[in-house]
Every structure is written in structure tokens, then in C-alpha cells.
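A.B. asks: Have a look at this one.
The values are calculated or read from the model by the stated rules, or taken from the named source; none is laboratory data. Predicted model, so just to flag it, every value in this text is computed and none were measured. Cβ: placed from backbone, ideal geometry, glycine included. Neighbour counts: every protein chain shown.
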Amino acid sequence: MKVVAIIPARIASTRLPRKVLREIAGQTMLQRVYEAARGCSALADVIVATDSNEILSVCERNGWTARMTATTHRSGTDRVHEVAQSVAADVYINVQGDEPLAHPDHVNALVELMKNSGKDVGTVKTPCPPQDVNNPNAVKVVTDAHGRALYFSRSPIPHDREKTGDVRYFKHLGFYAYRKPALDRFCSLPESTLERSERLEQLRFLENGIPIYVTETIHDTIGVDTEDDLRRVEGLILARS
């Protein structure tokens, strides 16, 4: 099984401009993401998919594989899809460029999940830290008995109606694996109603009857969207070192 990881990396992020090139404890965010993906020995390649000549130059200086993609893409998945049109693989793994706490285990877990040929889309969850249960920026996921996602939400799901405290919450992490037919179909579909409501593109798969299989990891992450996120991640990295 040939697996390629693709890191969508755009320069014009709205809330934190140039965020993938911002330094975190001495390394750029993009370097941290790239090296985490490279830590998975099962990958045939790791490719940065960008719309920026500046990011392309950074990749070339570091000897990283990179591809220029259109500036018009609305999501990282669309950028992954463009690269998939010219790079053949059995499975494509989307490692989002704003996940500086990415860990090789995130990618390894998806590779193991996708060894089952009956699974066309996969993603990752981790036990939700208590402080993130009510955080709308931390997406929650619930799954069925076979590991298929039932729903993703920015709200706390499931709802603890009886206030027992026994409910287990799981946080969804921004890593995906796709076989090309599923990726092609996703990009051919219009934005779905639930996707628009929650601002979660993975709901387009579910709303169109495409199952997403979810594997679990112990490694939490923090997606970086703001200056506060950046400082929080830097503090965690410095504390670990």
C-alpha cells in the first residue's frame, strides 16, 4: 500500500497571517508539522501543497518535496485533491499545516486504519481534556460500535442529560486519510447543510452517506488559529523540553 502525506500550507490565513512560517520555540510551524509526518516510516513521501512562492522557497531550501497549487482553493482538502491528481498513491493523508503538535503516531494510526481496504476515509480522535469539552474550537466526535463517525460537533456531544459525569467525550484531531475515489467525490459535492452550520467540512462526507472511520491516539494536539494558540503551543513545547 503506497501512502503519501500531503501538508496543505497557505500563506494568507485570516486570523493569524503567515502562520505556517511563524516560529515556535526556534522552529517554524511548518517544520514541526513536516518533521512529525516524516517520522512515519510507512510513508512513500511527504509533500507540502502550497499557494505561496515564499513557502515553496522555504521547502526547497530545506530539501522538502513541495507542489504549487491554486490560490482559489477553499479548504486544505481541495489542495490535497489537486496534488492527488498528479501523484499516484493508494492512500493520501492530510496533515494540516497548522498542527505544530503533530506526532508520528497520528500518521501511523491512520496508516494502520487504512490497511483495511473497505475503509475509504479515516480520521483520529483522542480523549477530550475537560477544559475542551465546552470549547467550540475543539471539535467533538461520537462513533458507533464499529468505529464509524456518527457526528462531529463544536458542541459537547453526547449531551450528559442526567449530569452523571460518566459521559466520555472525544476530541477530533485534524488528520485525515482518503482513498482517491472518496476524495474525488468529496470535492465534486457542494457544501452541505450541516457543514455550513457547524463550519466543519468533514460533515459533507457524512451527510452524503460516506462513512468516516475513526481511530484513537493518546496524543492530543492544538490547532493554531490565533496568537494565543501560538503562545499556548510554544509554552507546552518549552515545558516538555
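A.B. asks: I'd like the full set of residues that are at pLDDT 95 or above, farther than 15 Å from THR217 by Cα and either out of contact with any helix residue (DSSP H, G or I) (no Cβ under 6 Å at 6 or more places or on another chain) or among the charged types (D, E, K, R) (or both), limited to region 117-131.
C.D. replies: The answer is LYS119, ASP120.
A.B. asks: Can I ask one more? Hey, does region 90-100 have a residue that's over 13 Å from the mean Cα position of the chain (by Cα) and either farther than 24 Å from ILE6 by Cβ or buried (at least 21 other Cβ atoms within 10 Å of the Cβ) (or both)?
C.D. replies: Yes, there is a match, as at least one residue in region 90-100 is over 13 Å from the mean Cα position of the chain (by Cα) and either farther than 24 Å from ILE6 by Cβ or buried (at least 21 other Cβ atoms within 10 Å of the Cβ) (or both).
A.B. asks: Restricting the search to region 101-129, which residues are within 12 Å of the chain's Cα centre (by Cα) and more than 20 Å from TYR169 (Cα to Cα)?
C.D. replies: Taking region 101-129 as the starting set, the residues that turn out to be within 12 Å of the chain's Cα centre (by Cα) are 101-103, 106-107, 110, 122-125.
Result: LEU101, ALA102, HIS103, VAL107, LEU110.
A.B. asks: Whether any residue in region 16-30 is part of a loop (DSSP other than H, G, I, E, B), on the phi < 0 side of the Ramachandran plot, loosely packed, with under 15 Cβ neighbours inside 10 Å and of a type outside the set (Phe, Trp, Tyr) is what I want to check.
C.D. replies: Yes: region 16-30 contains one or more residues that are part of a loop (DSSP other than H, G, I, E, B), on the phi < 0 side of the Ramachandran plot, loosely packed, with under 15 Cβ neighbours inside 10 Å and of a type outside the set (Phe, Trp, Tyr).
A.B. asks: So, THR221, is that one touching a Pro at 6+ places or on another chain (Cβ under 9 Å) and crowded, with 18+ Cβ neighbours inside 10 Å or not?
C.D. replies: Numbers: touching a Pro at 6+ places or on another chain (Cβ under 9 Å): yes; crowded, with 18+ Cβ neighbours inside 10 Å: yes.
So THR221 fits the description; yes.
Residue-by-condition table, conditions (1) touching a residue at least 40 places away in the same chain (Cβ under 8 Å); (2) acidic (Asp, Glu):
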{"position": "GLN85", "(1), (2)": "no, no"}
{"position": "VAL95", "(1), (2)": "yes, no"}
{"position": "GLU112", "(1), (2)": "yes, yes"}
{"position": "GLY122", "(1), (2)": "yes, no"}
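A.B. asks: Can you tell me which residues in region 214-223 are farther than 19 Å from PRO130 by Cα and either without any contact (Cβ under 8 Å) to a residue 60 or more places away in the chain or touching a helix residue (DSSP H, G or I) at 6+ places or on another chain (Cβ under 6 Å) (or both)?
C.D. replies: Listed by number, the list holds a single entry, THR215.
A.B. asks: Which one is modelled with the lowest pLDDT among residues in region 1-15 that are in a loop (DSSP other than H, G, I, E, B) and surrounded by 15 or more Cβ atoms within 10 Å (Cβ to Cβ)? I'd like the intermediate steps shown before the answer.
C.D. replies: Applying the first criterion (in a loop (DSSP other than H, G, I, E, B)) to region 1-15 yields 1-2, 10-15.
Then keep just the ones that are surrounded by 15 or more Cβ atoms within 10 Å (Cβ to Cβ); that gives 10-11, 13.
Numbers: ARG10: 90, ILE11: 88, SER13: 78.
By that ranking, first place goes to SER13.
A.B. asks: Taking THR215, is it of a type in the set (Ser, Thr, Tyr), crowded, with 18+ Cβ neighbours inside 10 Å and modelled with pLDDT of 95 or more?
C.D. replies: Taking the combined requirement at face value, the residue satisfies it.
A.B. asks: Kindly indicate whether VAL121 is in contact with a Cys (Cβ under 9 Å, 6 or more places away or on another chain) and crowded, with 18+ Cβ neighbours inside 10 Å.
C.D. replies: Spelling it out, it is not the case that VAL121 is in contact with a Cys (Cβ under 9 Å, 6 or more places away or on another chain) and crowded, with 18+ Cβ neighbours inside 10 Å.
A.B. asks: Right, here's the next one. Every residue in region 130-148 that is closer than 24 Å to ALA177 by Cβ and assigned to a loop (DSSP other than H, G, I, E, B), please. It would help to see each step written out before you state the result.
C.D. replies: Going through region 130-148, the residues closer than 24 Å to ALA177 by Cβ turn out to be 132, 137-148.
Listed by number, the residues that qualify are ASN137, ALA138, VAL139, ASP144, ALA145, HIS146, GLY147.
A.B. asks: In region 137-180, which residue that is hydroxyl-bearing (Ser, Thr, Tyr) and within 15 Å of the chain's Cα centre (by Cα) is surrounded by the most Cβ atoms within 10 Å (Cβ to Cβ)? Reasoning before the result, please.
C.D. replies: So the first thing to find is which residues in region 137-180 are hydroxyl-bearing (Ser, Thr, Tyr), and the list is 143, 151, 153, 155, 164, 169, 176, 178.
Those still in the list that are within 15 Å of the chain's Cα centre (by Cα) too: 176, 178.
Numbers: TYR176: 24, TYR178: 29.
Out of the qualifying residues, it is TYR178.
A.B. asks: With respect to the numbered conditions (1) surrounded by 21 or more Cβ atoms within 10 Å (Cβ to Cβ); (2) of a type outside the set (Lys, Arg); (3) in contact with a Lys or Arg (Cβ under 8 Å, 6 or more places away or on another chain); (4) closer than 16 Å to GLU99 by Cα, which one is the sole condition not fulfilled by VAL33?
C.D. replies: With (1) surrounded by 21 or more Cβ atoms within 10 Å (Cβ to Cβ); (2) of a type outside the set (Lys, Arg); (3) in contact with a Lys or Arg (Cβ under 8 Å, 6 or more places away or on another chain); (4) closer than 16 Å to GLU99 by Cα applied to VAL33, the lone miss is (3).
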